[in-house]
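Contents: one structure, followed by commentary.
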Amino acid sequence: MAGGIARFLTPEQLQRLSRQTLQSRLVVEGNLAGRHRSPLRGASTEFADHRAYIEGDDPRRIDWKVFARSERYFVRRYEDETNLRVYLALDRSASMGYASADRRSKYDYACRLAAAIGYVVVKAKDSIGLCLYSDRPQVFLPARNTLLHLDNLLSVLGDQPPTLGTPTATARTLHEMAESIRKRALIIVFSDLFDDGDSIRQALAHFRKQHHDVILFHVLDPDELDFPFPRGAEFEDMENKERLLVDPRRIAAEYRAAFAQFLESCRKCCVELNIDYRLVRTDQPFDRFLRAYLEERKRLSR
Amino acid sequence: MMWTFLNPFFLWAGLAAIIPLVLHLFQRRKIVRIPFSTLRFLKLAERKSTSRIRLENFLLWLLRTLLVIFLVLAFSGPVMRSAGLGRWAPASRRDLAIVLDGSASMQYETGFLRVWESAVRSASDLIQELRPGDRASLFLALGQPRPLIEQPTADGELLRTLLKAQKPLPSISRLKPALEAARQSLEESGTREREIYLLTDGQALPWRDFLEQDETEGTGGDHEITDTRTTLFVLLAGAEQPENAYPLAASVEPLLVRAGQPARAKVAFGFCSTVQPTTAALFLNDQEIARRTVDPVQGHIQEIQFPIPPLSPGRYALRVELPPDPLPLDDVFHGVLNVRDQLPVLVVGRDHDLFFIVRALDPPEAPSGLLVHTTDPMELPDRRLTDYACLFLCNAIPLPGQAIQAVEQYVRNGGTVVLFPGDRGDPSDYGPWSILPSHPIAVRPVSPLDAARTLRLLRPDDPLFVGLRFPPGSTPTLAVRRRLEFGPLHPEAQAIIAMGDQQPFLLSRRVGRGRILFCAVPADRSWSTFPLSPFYLPMLHRIALFSTGAGATRISIEPGPLLDVSDLLFGLPDPLDLITPSGGILSVRTLQEDGRESRVVEKVTETGVYRMTATDEPLLAVNLSREESDLTPVNLERLRRHPMFRKAYFAHTPQELLQLVKKHRIGTPLAELFLWLALLTAVLETLLASRACRRVPSLSHQLPLEPSGRFSSLTPRQPPP
């Protein structure tokens, strides 16, 4: 096994993941035949419509039953099936490097999740690409459907962990991605979304306008949800180094209320844009989460 | 009000009050820095909670500082002192005024001690407590305050000696003038603290001067007993519910007790609290002659009659006695019973003028006890008038000048003369008289239409009419044909009976030790139907009895500095000395006042029977005023509400008094109070701190997150137990 994959996934996890598939909820445009619905007409068994026969068409496709009724020549057309192109947009800003005690950092968790999804995608002969960004896109890898490509992609993720003081510009990055990915694809975003809410909404809407299917993994540490710090301390913002002295017990209630409002706004935004929004806690086993997620997605896509 | 501290050095620990502030600042410097993903939500939360946190922080700082202060105060031994003490009370000098109730009720026995002894012991303790530089004055509260040491002195030995020499007197006490005297004695105390100690038995009577004042009016113009520097301590050493039964008053019926005739003594008994039924005995010359059961009813006066057997003429020492009770002083009531033989009276006039009066004074069917002698006016100078108790002049005017002088001298020496006019004399014949209540100016005929006249008592309180009873159903009406018209009344004279509207019927004037009465109509039927009226006989009898002294309604007197005993010693020669019950000599003095003579005794303090030095015959009986026997306790609550006693301390035992004094001088320790406050503050601080750091449900518990990362909406969940 290549080094990139092995960095994030164990053989047992790979074995369990080999039985999983990632289905797109929408039609996608690939350049290979696959099992995903394509907007084009092709040679699948799914009947699409009829069209008038023109010279040069294969006579085998003429629908003789229609000819018998109408005495006109029509050929049958079938839906095309193509492969899936998946792009991973992964936030490597400094805030993604936060890890509470004895837990993985959000970035590390997101990388493992991305590795697992990549493996599932590649195993299904679908393509996977990568956009690693902080305040700007830093790495962009086009979609390929080989394990070697996946291994390289994961090596890139593993080699570029977040660094302190790195700001985030998720919205701008997503806009750029939306502009650069022309064909319909599945965009999977891994981020903590600590950016301007309205901008992110516009960026996600941009994806949807381009007919991309979008999955948003909102990766959060439990400490960010509950703010369980026992005594007063000076908190330092990992992105802009700003400091604030607070007594966590005194403001915990207000913090949780504000954070809950933030989560709710994110969820509502995604529901409105028909984006698959998932909250991912870094304290839950990622493979179990992914399995539950993929099975649910598979169930819903039938 | 002021504060002192028993351990003032502990106040330095008050600097610890800055500990919370120092800790707060110290904690600020020792900061743990925690990298966090974003401060975005922290800022939001802090913005919302800043004002609340500031308030909580302030309250916590305040409570913690207060906690330290309360602890420091508790350990420094704060003492709240009353306003009556000076700034440096422990080292200050004070003047005391001790007022000892010297009334008879102080002899009440409570257990093994009399109230007086408790009060004296308490006073001794107070004197014993005097510190160098302290001074004390001593007063005895009686009817008038008696200063024993008026100017405060530091000589404790002198105070103790004087105190031991005192004893309660058979007198009432008034506390108001005594307290006023004590207050005045302390006025020269300068900057010293002043304390007045009133040691009494708790009887309501001495407080009457205070309690009769309307409490809502405040003290009026009175001086306050207590002020910022003067403190009043009151010891109410008597029993809370004193028991006492006592003979309240006694009288003898009939007024003129004659030899050989039975009489009866009417004795009224009073009670204080509920006492058991008891027996009362009547003694004459120390010989028991009757015994009766007394069944007390609280708040009521019970009157019991004792029979007196026929006695020979003379004066008898009468004594009503109850078994001893806690207040033995009033268990005995003394009296003097005067048993007379027939009373000689002299009626002057001619026979036909005396018919009615002689039969009225000595009715044949009912012996009156009067021995009536008659004489012609011309023979009057030959009579020795001092042999007669009373002299009736009936149509006897004019009299020879010698006779007039003799009669006037008789009146001045204590005799009684009754003048009835008649046809013999005209108004000018009264000119030589110098003792008449009024000189007549004419004899007026009365119209038959205006003849019916009703007699009206103008002076019902005159001793002549005390006990006078007319026959049932009779009205004092008479028909008058003629009457004597009087001129202006002598200043010392007065009309005691009126005839009709305003015309005087009977005039009276006191002259010397005697009295002269002047009637407007004769004693026969020549001018009026007076002799036929139903009150002719009783009135003449009252005059005769009064003139002999038998009309005196009292058989005893009460102690006093100057007592008029003329009625009790009537007919006894001057000079007169009495042997007191304890064997001393008491002289009877004759006092001239406004032309009137009276016999007085001075400084009578001893109760009992006073006897004549020559014959050892009982003459005077002196009883303690029964006011003192009413031991009803003073209403302490009412007393406390009185404006003059709101700042006073009341104790019921000498020990309690000493405790109050010590508490007052030392003050009220407040350490315990401050410890309680510290505890309360600590509890409040804990509650507030717990509230500030209260556990709120974590967002993880509120978030309905599915394993696939989906959540529908944020709905609250109950936190795990």
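The values are calculated or read from the model by the stated rules, or taken from the named source; none is laboratory data. Keep in mind it's a predicted model, so treat the numbers as computed, not measured. Glycine also receives a Cβ, built like all others from the backbone with ideal geometry; neighbour counts cover every protein chain displayed.
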Checklist entry - Among the listed residues B:R453, B:R424, which satisfies the condition of being among the charged types (D, E, K, R), at pLDDT below 90 and not in a loop (DSSP other than H, G, I, E, B)? => result B:R453
Next on the checklist: What are the pairs with Cβ atoms under 6 angstrom where one residue, in the stretch B:545-565, is surrounded by fewer than 21 Cβ atoms within 10 Å (Cβ to Cβ) and the other, located anywhere, is among the hydroxyl-bearing types (S, T, Y) and at pLDDT below 85? Sequence gap at least six, or different chains.
Outcome noted: B:E558/B:S625; B:P559/B:T605; B:D564/B:S598
Item to check | Residue that is modelled with the highest pLDDT, among those in the stretch B:697-713 that are in a loop (DSSP other than H, G, I, E, B) and closer than 22 Å to A:F229 by Cβ | outcome: B:L705
Item to check | Residues (away from chain B (no Cβ under 11 Å) and crowded, with 17+ Cβ neighbours inside 10 Å) located in the stretch A:260-272 | outcome: A:C269
Checklist entry - Which is part of a strand (DSSP E or B), of a type in the set (K, R) and facing chain B (nearest Cβ under 10 Å), of A:R278, A:R256, A:R249, A:R231? => result A:R278
Next on the checklist: Against the condition at the interface with chain B (Cβ under 10 Å from one of its Cβ atoms), at pLDDT below 90 and within 18 Å of the chain's Cα centre (by Cα), how does A:R291 come out, does it pass?
Outcome noted: yes
Checklist outcome for this item: Residue count, the stretch B:51-80, condition polar (S, T, N, Q) and within 14 Å of another protein chain (Cβ to nearest Cβ), comes to 2
Checklist outcome for this item: Taking the stretch B:676-696 and keeping only residues that are modelled with pLDDT of 85 or more, surrounded by fewer than 17 Cβ atoms within 10 Å (Cβ to Cβ) and of a type in the set (S, T, N, Q), one is left with B:T686
Next on the checklist: Just the residues that are charged (D, E, K, R) and surrounded by 16 or more Cβ atoms within 10 Å (Cβ to Cβ), please, taken from the stretch B:49-77.
Outcome noted: B:E56, B:R64
Checklist entry - Would a scan of the stretch B:357-380 turn up a residue that is surrounded by fewer than 22 Cβ atoms within 10 Å (Cβ to Cβ), at pLDDT 90 or above and of a type in the set (S, T, Y)? => result yes
Next on the checklist: Can you name every one of the strands (runs of 3 or more DSSP E) wholly within the stretch B:591-675 that holds 1 or more residues which are closer than 30 Å to B:V297 by Cβ and of a type in the set (V, I, T)?
Outcome noted: B:618-622
Next on the checklist: If I go through the stretch B:676-702 residue by residue, how many of them are in contact (Cβ under 8 Å) with a residue 12 or more places away in the chain, touching a Leu at 6+ places or on another chain (Cβ under 9 Å) and either within 30 Å of B:F233 (Cβ to Cβ) or within 14 Å of chain A (Cβ to nearest Cβ) (or both)?
Outcome noted: 5
Next on the checklist: Considering only the stretch A:237-245, I want to know if a residue exists there that is under 30 Å from B:I53 (Cα atoms), within 12 Å of chain B (Cβ to nearest Cβ) and polar (S, T, N, Q).
Outcome noted: yes
Item to check | Those residues of the stretch B:506-523 which are modelled with pLDDT under 90 and outside any strand (DSSP E or B), in sequence order | outcome: B:G512, B:R513
Item to check | Cβ-Cβ under 7 Å pairs, at least 6 apart or on other chains, the stretch B:51-73 side over 18 Å from B:S690 (Cα atoms), far side of a type in the set (F, W, Y) and assigned to a helix (DSSP H, G or I) | outcome: B:F70/B:F674; B:V72/B:F10; B:L73/B:F674
